[in-house]
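Student: Quick one: this structure, given as structure tokens, is what I'll be asking you about.
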Amino acid sequence: MRRTQGYALSPYQMFATHAPPSLSNSLHLSRPYYSSPRSVLLVAATRLFCFQYHRIRAPTVTCMAGDNSNAGESSPDHVAGSWYSVPELRLRDHRFIVPLDHTLDRLASPKISIFAREVVAAGKEDQPLPYLLYLQGGPGFECPRPTEASGWVQKACEEFRLILMDQRGTGLSTPLTASSMLQFKSAEDLADYLKHFRADNIVNDAEFIRVRLVPDAGPWTVLGQSYGGFCAVTYLSFAPQGLKRVLLTGGIPPIGNGCTADSVYRACFEPIMHQNEKYYKKYPQDIEIVREVVKYLAESEGGGVLLPSGGILTPRGLQTLGLSCLGTSAGFERLHYMLEGVWDPVIVPGAPKQISYYFLNAFEKWLAFDTNPLYALLHESIYCQGASSRWSAHRIRSEYKEKFDAIKASKGCPVLFTGEMIFPWMFDEIHALRRFKDVAHILAEKEDWPPLYDTTVLNNNKVPVAAAVYYEDMFVNFKLATETASQIAGIRLWITNEYMHSGLRDAGVRVFEHLMGMLNGKKPLF
């Protein structure tokens, strides 16, 4: 559910040429994102039929309302900064002191800080605007930092008072970095701490902020991108009283009990293979380049080459470039240009062939595990309710071993890149993650993850919800997303293959306008 450059971070298989039964109310046609002779039927639904699932006991969302008569002003657990400017925007920083564990008495729980940035159009600081909370993709990534009025942020600020909240552990919200996490004395202590950093507590933080920031503790609108959409569905499950409207962009989660990661990865491998096929069709010259790199890595001492940070790049590590390149609009181009500079030129006759520092440095920066290790540590846990993940991606990949064996493929087939997956061997090969290997294994085996969704509440949802569902979304599987949508009463879907997972970044104004129009009655159903 990874972000793409702060604003957002695709299956291709044709599941059907007609609308699924649960999406039968309306149609919305959109031009294809990639030119294709196949026609793609795109569907939008107003009200989805709901099916009864086993009820999950809802965790308590506990926030002290306090005195909200001076909403937005400083208090012992809330410090508001002064207004400052970037072109066409005015911004103000807020810091809130919240319990690490919202289920404990506030005095008993350790405290952490949550950072949120308030953004309005210049000149609207004192206007009584409705509030919009943005939930960033991830997990483990901070909110965007506006430098000017542009994209969906500019559009949102025409109508709203935008709140960009760094989710706990990210950005300026008591950040859990590769250095700060070393303060813990044992892997067990850190794992016990990290269990408080999933969507349930992110929602608790949001509610804590809402009742202190919004006048009269009124409800606000929430925009959830990717993993932020997962958090928004948790919000709908356990604190719908805080929501006025919900907008989802590429962020409808699987909501089944147990570990849904297995179903996610089984559903995603075929679309990942198709994205590889499209990449090599666009850049066929890269087939041999990637094969050559894999052979070079496999034949190097230790099975790989040293990375600038001290880690090691192996053939299977090279394949993880698919995480950032296969599922976003400009990802193919970025990968191709990166591969153009993979080899150092032979300037001195007889000098050995070697992979360039440029390529090795770009590889590490692209994956960003050194700056956002929380993503690797918590990624699979976002799919767990009362069950362990047991390294789901690693287990499911073994079912496709023949297709994703890089060394075998280098002898005659295109080497396939993998998608949004975290593997246990990453905690050996990536320098920034090595010190958290034991923590990762503890979290992978943890079974008592609390519930993140309540299907009974979702079946009876009263909050208006509009969702952009991307037909070729490699990160959030189309089929699984529509299955969940059938459980959220009243949801309206805009299903399109015009954009990929990065739609909010690539065409933020149009995506935001379209979703708002669906809820405001400006977009017809038929």
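Student: May I ask which of 282/408; 155/278; 365/411; 195/479; 111/155 have a Cα-Cα span longer than 27 Å here?
Tutor: On the way: 282/408 23 Å; 155/278 33 Å; 365/411 29 Å; 195/479 29 Å; 111/155 35 Å.
In this structure, 155/278; 365/411; 195/479; 111/155 lie more than 27 Å apart at Cα.
Student: So how do 472-483, 422-433 stack up, highest first, on mean other-Cβ count within 10 Å? Show your work: numbers first, answer last.
Tutor: Details: 472-483: 23.2, 422-433: 19.2.
Put in order of decreasing packing, that is 472-483, 422-433.
Student: Once phi is turned into ³J(HN,Hα) by the Karplus curve 6.51 cos²θ - 1.76 cosθ + 1.60 with θ = phi - 60°, what whole-Hz value does each residue of segment 296-304 show in order, with x for glycine and proline?
Tutor: 4, 5, 5, 8, 6, 4, x, x, x
Student: Sum up the charges of everything whose Cβ sits under 15 Å from the Cβ of residue 402, counting Lys and Arg as +1 and Asp and Glu as -1, but leave residue 402 out.
Tutor: Values: positive: 316, 397, 401, 403, 408, 411; negative: 270, 399, 405.
Result for the neighbourhood of residue 402: +3.
Student: Oh, and also: If you take every residue apart from residue 428 with its C-beta less than 9 Å away from the C-beta of residue 428, what net charge results, scoring Lys and Arg +1 and Asp and Glu -1? Mind showing how you got there, number by number?
Tutor: On the way: positive: 434, 437; negative: 429.
Result for the neighbourhood of residue 428: +1.
Student: Let me ask something else about it. Which trypsin sites (Lys or Arg not before Pro) in segment 269-376 pass both tests, a DSSP loop state and at most 16 other beta-carbon atoms within 10 Å? Let's see the in-between values first.
Tutor: Working: sites: 278, 281, 282, 291, 295, 316, 334, 353, 365; in loops: 353.
Of the trypsin sites (Lys or Arg not before Pro), the ones in loops of segment 269-376 whose Cβ has at most 16 other Cβ atoms within 10 Å are 353.
Student: Rounding to the nearest 20 debye, state how big the charge dipole of the chain is about its Cα centre with +1 on each Lys and Arg Cβ and -1 on each Asp and Glu Cβ.
Tutor: 980 debye
Student: How many percent of the alpha carbon pairs in the chain exceed a separation of 37 Å?
Tutor: On the way: 39886 of 138075 pairs.
Roughly 29 percent, once rounded to a whole number.
Student: Let's test the formula: R0 of 25 Å, r as the Cβ-Cβ distance of residue 338 and residue 390. What FRET efficiency results, to the nearest 0.05? Write down the numbers at each step before the final one.
Tutor: Numbers: r = 33 Å, r/R0 = 1.32.
According to the calculation, E is roughly 0.15.
Student: Separate question: Which percent of the accessible area of the chain is formed by carbon and sulfur heavy atoms (probe 1.4 angstrom)?
Tutor: Values: 11190 of 20630 Å².
The computed percentage sits at 54.
Student: Now for a separate question. Sort out for me the Cα centre separation of segment 240-315 from segment 153-221, rounded to whole Å.
Tutor: Using only Cα atoms, the two centres lie 27 Å from each other.
Student: Go ahead and estimate [θ] at 222 nm for the chain from helices alone: -39,500 (n - 2.57) per DSSP H run with n ≥ 4, summed, over the residue count, rounded to 500.
Tutor: Result for the chain, helices only: -9000 deg cm²/dmol.
Student: Still on this structure: Which peptide among 242-249, 304-311, 104-111 comes first, and what is the full order, when sorted by highest mean count of other Cβ atoms within 10 Å? Kindly include the intermediate steps, with their values, before the conclusion.
Tutor: Working: 242-249: 25.1, 304-311: 15.9, 104-111: 11.2.
Packing proxy ranking, top to bottom: 242-249, 304-311, 104-111.
Student: Which whole-number value in Å² is the accessible area per residue of segment 277-360, probe 1.4 Å? Intermediate results must be reported in sequence, preceding the final value.
Tutor: Numbers: 3990 Å² over 84 residues.
Result: 47 Å² per residue.
The values are calculated or read from the model by the stated rules, or taken from the named source; none is laboratory data. All figures in this text were calculated on a predicted structure; none of them were measured in a lab. Heads up, the Cβs are rebuilt from the backbone with ideal geometry, glycines too, and the neighbour counts pull from every protein chain shown. Please note that ligands, DNA and RNA were not included when accessible areas were found on the heavy atoms of the full protein model with its side chains. Shrake-Rupley method; radii C 1.70, N 1.55, O 1.52, S 1.80 Å.
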